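This report concerns only the one structure given below.
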Amino acid sequence: MKIKYIALLIFPLIITSCCGTISNAKKEYNISKATTLKSEWKSNPKEWFLEKDTLRGTGGPMHWAVIQSKKKLPKNYEIDFKVNMTRESLFEVMLNIDKENYIRTYLYQIDQNIVIGRGVYNKNSDEYGKRGGPTLFKKTMKLENNKWYSVKIRVSKNQLFFSVDNETFLECSLEKSNLSQQGKLGFLTNGEAKIIDLTIKNIE
């Protein structure tokens, strides 16, 4: 009986550790330790690092700083966090990264818009055409440096929902817009960005 009981306790842990996605149905994912960041995310430690409870990225207009998860996002998921663009104009959430292709969901100060677009990112090149991509949907929003914004992203049944401060919304069909339907998660900045209160959960 004891062996059976121990096996029942260990089995869920094995399933969780072998899970190929960044979160599971029972637990919200968040980054709490620098060791977790190093083991579960790919990045240049000089560009993205954890300071206490804040994930901080530092890049530049000619070299965007990118961090990418090692595991895939669940098929249906919800991402919540707060972001502060302390320098420059672009902060981007890279969704469903599949090889070099991904969905661009970003805050862009120059045009004062939040945007959904189709993206490409070649980690070995900063050349024009090998990063970024076309805008598909956008909505006007006043965006400033040194201000915190609450971001919510939800993908469910191939519908993408993107909101900032629960006031400005964009929504689209991944299939109809020919966007990646599954892949990894990333963050990108062309200056400096700070992220806090990051949670990722499976909503199946």
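Among the residues of segment 114-130, the ones that are in contact with a Lys or Arg (Cβ under 9 Å, 6 or more places away or on another chain) and touching a residue at least 40 places away in the same chain (Cβ under 8 Å) come to 6 in all.
Out of 75, 70, report the one residue that is surrounded by fewer than 16 Cβ atoms within 10 Å (Cβ to Cβ) and within 16 Å of the chain's Cα centre (by Cα).
Numbers: 75 fails: surrounded by fewer than 16 Cβ atoms within 10 Å (Cβ to Cβ).
Within the list 75, 70, the selection yields 70.
Here residue 110 meets the list (1) modelled with pLDDT of 95 or more; (2) in a loop (DSSP other than H, G, I, E, B); (3) open to solvent by less than 60 Å² (accessible area, probe 1.4 Å) almost entirely, failing just condition (3).
When you check residue 191 against the structure, is it within 19 Å of residue 113 (Cα to Cα), open to solvent by less than 10 Å² (accessible area, probe 1.4 Å) and at pLDDT 95 or above, yes or no? In short, yes. Let me confirm something: among 69, 163, which residue is without any contact (Cβ under 8 Å) to a residue 60 or more places away in the chain and in a strand (DSSP E or B)? On inspection, the qualifying residue turns out to be 163. Within the span defined as segment 46-62, one or more residues are modelled with pLDDT under 95 and either closer than 27 Å to residue 161 by Cβ or under 12 Å from the mean Cα position of the chain (by Cα) (or both).
Being touching a Cys at 6+ places or on another chain (Cβ under 9 Å) and either among the small types (Gly, Ala, Ser) or within 22 Å of residue 82 (Cβ to Cβ) (or both), is that true of even one residue in segment 112-133? Within segment 112-133 (the criterion being touching a Cys at 6+ places or on another chain (Cβ under 9 Å) and either among the small types (Gly, Ala, Ser) or within 22 Å of residue 82 (Cβ to Cβ) (or both)), the answer is yes, since at least one residue qualifies.
Could you say whether any residue in segment 185-194 is polar (S, T, N, Q), part of a strand (DSSP E or B) and within 17 Å of residue 22 (Cα to Cα)? Step through it out loud before you land on a result.
The initial filter retains those residues of segment 185-194 that are polar (S, T, N, Q), namely 189-190.
Next, only the ones that are part of a strand (DSSP E or B) stay: 189.
Still in the running and within 17 Å of residue 22 (Cα to Cα): none.
Within segment 185-194, not a single residue is polar (S, T, N, Q), part of a strand (DSSP E or B) and within 17 Å of residue 22 (Cα to Cα).
Inside segment 179-204, residues that are in contact with a Phe, Trp or Tyr (Cβ under 6 Å, 6 or more places away or on another chain) and over 24 Å from residue 24 (Cβ atoms) make up a count of 4. Within segment 40-66, restricting attention to residues that are in contact (Cβ under 8 Å) with a residue 24 or more places away in the chain and over 28 Å from residue 128 (Cα atoms), the residue that is least open to solvent (accessible area, probe 1.4 Å) is 54.
Does segment 24-35 contain any residue that is among the β-branched types (Val, Ile, Thr), loosely packed, with under 11 Cβ neighbours inside 10 Å and modelled with pLDDT of 75 or more?
yes
Residue-by-condition table, conditions (1) hydrophobic (A, V, I, L, M, F, W, C); (2) under 19 Å from residue 187 (Cβ atoms):
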position: 116; (1), (2): yes, yes
position: 119; (1), (2): no, yes
position: 127; (1), (2): no, no
position: 131; (1), (2): no, yes
position: 143; (1), (2): yes, yes
position: 149; (1), (2): no, yes
position: 161; (1), (2): yes, yes
position: 166; (1), (2): no, no
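Go through the residues of segment 124-147 one by one and say whether even a single one is over 30 Å from residue 62 (Cβ atoms), under 17 Å from the mean Cα position of the chain (by Cα) and open to solvent by less than 60 Å² (accessible area, probe 1.4 Å). Steps first, answer last, please.
Narrowing segment 124-147 to residues over 30 Å from residue 62 (Cβ atoms): none.
Taking every residue of segment 124-147 in turn, none turns out to be over 30 Å from residue 62 (Cβ atoms), under 17 Å from the mean Cα position of the chain (by Cα) and open to solvent by less than 60 Å² (accessible area, probe 1.4 Å).
The values are calculated or read from the model by the stated rules, or taken from the named source; none is laboratory data. These numbers come from a predicted model, not from an experiment. Please note: Cβ atoms are built from the backbone with ideal geometry, for glycine as well, and neighbour counts cover all protein chains shown. The protein model used for the area step is the full one, side chains on, heavy atoms only, and it has no ligands, DNA or RNA in it. Shrake-Rupley method; radii C 1.70, N 1.55, O 1.52, S 1.80 Å.
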